[in-house]
Amino acid sequence: MHLKQAHNKKTGRTYLSIVQSYRDKEKGYSSAKTIEKIGYLDDLQKIYDDPISHFKNIVAEKNLQSIQESAEYTIKFNKNQILEKGTSNRKNYGYIAILKILTELGLERFLINRRQATKFEYNTSTIMKLLIISRILSPGSKKRAFDEREKYFDFEGNKKFDLVSIYRALSHFSKLSKDIQLLIHNRVSKHYGRKTNLVYYDITNYYFEIDKEDDLRKKGYSKENKRSPIVQLGLSMDEEGIPISYELFPGNESEKLHLRPAVSELIRKYDFSRIITVADSAQNTGNNIYYLEQAKQGYVFSQSIAGGSEEFKNYVTSEDGYTWFEKQYKRKSRVCRREITVDFLRGNKTYKKKVLVDQRQIVFYSEKYAKRAREKREAVIKKAHLIVNNPGAYTSATSFGALKYVKNVEVDKKTGEIKEAKGKPLFDFHKLQEEEKYDGYYSIVTNVFDEGKDTSKFDDDAIIGMYRGLWKIEDCFRVSKSDLESRPVFLSREERIEAHFLICFISLVIIRLLQKRTNNTYSAEKLIEAMNNISCTQEESNLFLFDHRCDVSDALGKALNLDFTKKRMTRADIKNNLAGAKK
């Protein structure tokens, strides 16, 4: 085989193809047949630095593979041979599964086109590929990703970029964040038929081990009781648990402010029509409800019972209207007109106004939830009694919610220390009794009602089922923080921090798509473990030995049309398979 360069004098363009020469016995002369059509040279130059050299190398590999396919290997070795210090012949091959999904997402082509527009000297698509693969299989700093690049075949002998290039590329990636998120959504919709009628939204935060704040990293409420500056991340997710989009905002901003911009962007840029937004009680505000009502969008929110009106509390605790299901669970619902408080703008000033909305309220009680609430509160009560006896031994960070049961103490806003106020510290039994009244009760509010003849489409069970889907977004945060180690962040510049979370977002999407492709049978942890274990050791200069196969690797191979069952493969086999994954 050889690379053919056919030049057209009329157009001035050169077409590349791979051809095989052979002897035509019937006609008595040599001829050639096209093995693979590649494309026009000028188009290929937009993708490859040197297309001719690139495809000549591919042809050479194909020729070598052709020779080796029928060859048997005889391996001779010296059992006393010494392993040289610094030797590392171990290579990962499982990352080919990640390449398959990356190709579906069209990220490489997108970055190549953007690189041409900005005239970057280094290959940003290759850098992004390395950072994503490393984030999934070996999460750590960007330096670690660069140092470990040689264990992936795609980056052997890399001379296209250095560590400085990676940091510079991060600033470039941050500018493309919105476009990349939209690209990924469109590709997921195309290849996987994303359902967009139900959107889950939640917010988490990430702390930074620094003392000084900046424009993005601000001190605010930390869900992990950290006093360090934090960054908040709002995530939108579809009903299958696949992320749609995300947004970063400073740690000192109220999370209640960011649902409306997120929904607005989905409608405006992502072409969503009517959606039902599912979120926890933090987003259950008058402003959010009014916005969604005016935009003719649906919502399903949890409702704090203790924070509700007296009329609502009485409705919840009254036995009237409940239907029992066995002896552990009861439920009731109603449609009512509720008064909410909404902020309006008049000139440069904000004023509040009462607005009436129709709302469906679903209330249920579970003995299991009641038991869980009592057990969860038990440790907090013990801590509260300890604070009563010795308030100076604790701070707001170490009180873990126990302060709400302690009277006559105050917290130093600067240090967080707990001090005695007027009078002796006392345990607040009235507060405890008031909370215990609502143990096991849960409430969901929505503006989604039964529609048409299909009364089961949005019945109480359907609404409760929608809300319970929120666990998937919590799992997204868990996977991001634990399996992908999105924290700690070893970066300080804002645009580089933004790029870091973009890489984590793309990695999370890939993991979720791999789970979907394998019928959601395996956890993210199991998939990552399997891809890491699909590795090989170099036996000879051109031969690699594989030593791992399991149910998960078989499932990945079947789902992605990849063969992870071979014990040995030549370098040409591996390279050819990797090239095929990118098509």
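The values are calculated or read from the model by the stated rules, or taken from the named source; none is laboratory data. Just so it is clear, the structure is predicted and the values come from calculations on it, not from any experiment. Methodologically, a virtual Cβ is constructed for each residue, glycine included, from the backbone with ideal geometry; neighbour enumeration extends over all protein chains shown.
Odds and ends about this structure:
- Checking every residue in the range 478-495 against the condition of being modelled with pLDDT of 95 or more, in a loop (DSSP other than H, G, I, E, B) and more than 30 Å from Leu64 (Cβ to Cβ) gives zero matches.
- Within the range 529-577, restricting attention to residues that are of a type in the set (D, E, K, R) and part of a loop (DSSP other than H, G, I, E, B), the residue that is surrounded by the most Cβ atoms within 10 Å (Cβ to Cβ) is Arg549.
- Qualifying residue in the range 128-136 (condition: at pLDDT 90 or above, buried (at least 18 other Cβ atoms within 10 Å of the Cβ) and farther than 18 Å from Phe161 by Cβ): yes
- Number of the exception - Lys413 against (1) modelled with pLDDT of 85 or more; (2) farther than 22 Å from Ala373 by Cβ: (1)
- For the range 281-292, the tally of residues that are surrounded by fewer than 21 Cβ atoms within 10 Å (Cβ to Cβ), modelled with pLDDT of 95 or more and not polar (S, T, N, Q) stands at 3.
- Checked against the criterion of being outside any loop (DSSP other than H, G, I, E, B), in contact (Cβ under 8 Å) with a residue 60 or more places away in the chain and more than 23 Å from Asp49 (Cα to Cα), the candidates Ile136, Ile132, Ile112 yield just one match: Ile136.
- Check on Ala384, within 26 Å of Gln433 (Cβ to Cβ), hydrophobic (A, V, I, L, M, F, W, C), crowded, with 18+ Cβ neighbours inside 10 Å and in contact with a helix residue (DSSP H, G or I) (Cβ under 7 Å, 6 or more places away or on another chain): yes
- Checked against the criterion of being within 25 Å of Val59 (Cβ to Cβ) and hydroxyl-bearing (Ser, Thr, Tyr), the candidates Ser541, Ser535, Ser553 yield just one match: Ser541.
- Within the range 416-433, residues that are exposed (fewer than 14 other Cβ atoms within 10 Å of the Cβ) have Cβ atoms under 8 Å from residues that are in a loop (DSSP other than H, G, I, E, B) and of a type in the set (Asp, Glu) in these pairs: Lys419/Asp412, counting only partners at least 6 apart in sequence or on another chain.
- From the options Ser486, Ser482, Ser492, residue that is of a type in the set (Ser, Thr, Tyr), surrounded by fewer than 18 Cβ atoms within 10 Å (Cβ to Cβ) and under 18 Å from the mean Cα position of the chain (by Cα): Ser482
- Residue in the range 291-301 that is out of contact with any Leu (no Cβ under 6 Å at 6 or more places or on another chain), among the hydroxyl-bearing types (Ser, Thr, Tyr) and not in a helix (DSSP H, G or I) present: no
- In the set (1) more than 21 Å from Ile534 (Cβ to Cβ); (2) modelled with pLDDT of 90 or more; (3) in the same structural domain as His172 (by TED's automatic domain parsing), the condition left unmet by Ile112 is number (2).
- Scanning the range 155-164 turns up no residue that is outside any helix (DSSP H, G or I) and in contact with a Pro (Cβ under 7 Å, 6 or more places away or on another chain).
- Test: Val316 is surrounded by 14 or more Cβ atoms within 10 Å (Cβ to Cβ) and over 30 Å from Lys419 (Cβ atoms): yes
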